[in-house]
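Novice: Quick one: this structure, given as structure tokens, is what I'll be asking you about.
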Amino acid sequence: MARKKKGDKTSMGKIAIYPGSFDPLTYGHIDIVERALEIFDKVILAIAHDAEKKSLFTVEERVEMARSIFKDNPNVIVDSFKGLLVNYVEKTNAKVLLRGLRATSDFEYEFHMASMNRSLSSHLDTLFMMTSKDYFFVSSRTIKQVAKLGGSVEGLVPDLVARRLKEKFKLPVARRRMIGWDE
Ligand code: PNS
């Protein structure tokens, strides 16, 4: 049997790829990663360069934040990809894509995406994990909306993300004081 070379991703055990925009990463995403690590040896958080949506954070900013958040967990690899997800997955030898499912409203979009990916790569399966009840209402989109309007996102995103959101949505000093951003 051929020996596995150093750096060969097949030597990493059971790998799941968790793709997404992660714009920004929320505790909902982190919860999925942590639970997935009960099943898989490694989770690759694959941050999309060219997701359909216009992102608030650049891909570099998203990667840097995610790496910092998972810095103490060597089983989480943060990476980014351009173009088709199946082409990225091909390079890793992973067979499973991981996606969180919040509610029935997520289902149609996820079903289409999983079916398209399976049609593009017949050996690729998508595993859905139900979002924990504490986070089923949390999405990157609503987090950005709340943060933009000065609402609190505490407990829904890591502190680092909350700080970066504040920096992105710099509000005038008077408004910041009014909503308690500056004590
Ligand atoms: O967090 P998101 O925005 O729901 O993630 C969507 C993402 C990035 C996983 C999806 O848009 C994607 O895989 N984009 C890469 C392009 C691709 O492969 N498209 C074909 C699958 S429909």
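The values are calculated or read from the model by the stated rules, or taken from the named source; none is laboratory data. All values derive from a computational prediction rather than experimental measurement. A quick note on method: Cβ atoms are made from the backbone with ideal geometry, for glycine too, and the neighbour counts reach across all protein chains shown. Protein only, heavy atoms only, side chains kept; ligands, DNA and RNA dropped before computing areas. Shrake-Rupley method; radii C 1.70, N 1.55, O 1.52, S 1.80 Å.
Novice: Filter the range 110-128 for residues that are more than 16 Å from the chain's Cα centre (by Cα) and either at pLDDT below 95 or more than 9 Å from the ligand (Cβ to nearest atom) (or both) and give the result.
Specialist: Phe111, Arg118, Ser119, Ser121, Ser122, His123, Leu124, Asp125
Novice: Please work out if Tyr88 is hydroxyl-bearing (Ser, Thr, Tyr), under 15 Å from Ser140 (Cβ atoms) and in a helix (DSSP H, G or I).
Specialist: Taking the combined requirement at face value, the residue does not satisfy it.
Novice: Can you tell me which residue in the range 56-84 is modelled with the highest pLDDT, limited to those that are touching a His at 6+ places or on another chain (Cβ under 9 Å) and within 9 Å of the ligand (Cβ to nearest atom)?
Specialist: Phe81
Novice: Now for a different question. Taking the condition open to solvent by 20 Å² or more (accessible area, probe 1.4 Å), touching a strand residue (DSSP E or B) at 6+ places or on another chain (Cβ under 6 Å) and modelled with pLDDT of 95 or more, does Asn87 pass?
Specialist: No.
Novice: In this structure, does Ser132 turn out to be among the small types (Gly, Ala, Ser) and touching a helix residue (DSSP H, G or I) at 6+ places or on another chain (Cβ under 7 Å)?
Specialist: yes
Novice: Of the conditions (1) within 26 Å of Asp41 (Cα to Cα); (2) near the ligand (Cβ under 10 Å from one of its atoms); (3) under 17 Å from the mean Cα position of the chain (by Cα); (4) not hydrophobic (A, V, I, L, M, F, W, C), Ser132 satisfies every one except a single condition; which number is it?
Specialist: (2)
Novice: I'd like the full set of residues that are open to solvent by 60 Å² or more (accessible area, probe 1.4 Å) and of a type in the set (A, V, I, L, M, F, W, C), limited to the range 71-84.
Specialist: The answer is Leu84, and nothing else.
Novice: Next up: So, Ile32, is that one more than 11 Å from the ligand (Cβ to nearest atom), crowded, with 22+ Cβ neighbours inside 10 Å, assigned to a helix (DSSP H, G or I) and at pLDDT 95 or above or not?
Specialist: So Ile32 fits the description; yes.
Novice: Turning to a different aspect of this structure: Counting only residues that are among the basic types (Lys, Arg) and over 11 Å from the mean Cα position of the chain (by Cα), which one in the range 46-70 is surrounded by the most Cβ atoms within 10 Å (Cβ to Cβ)?
Specialist: Arg67
Novice: Taking the range 74-90, which residues are under 15 Å from the mean Cα position of the chain (by Cα) and in contact (Cβ under 8 Å) with a residue 40 or more places away in the chain?
Specialist: Val76, Phe81, Leu85
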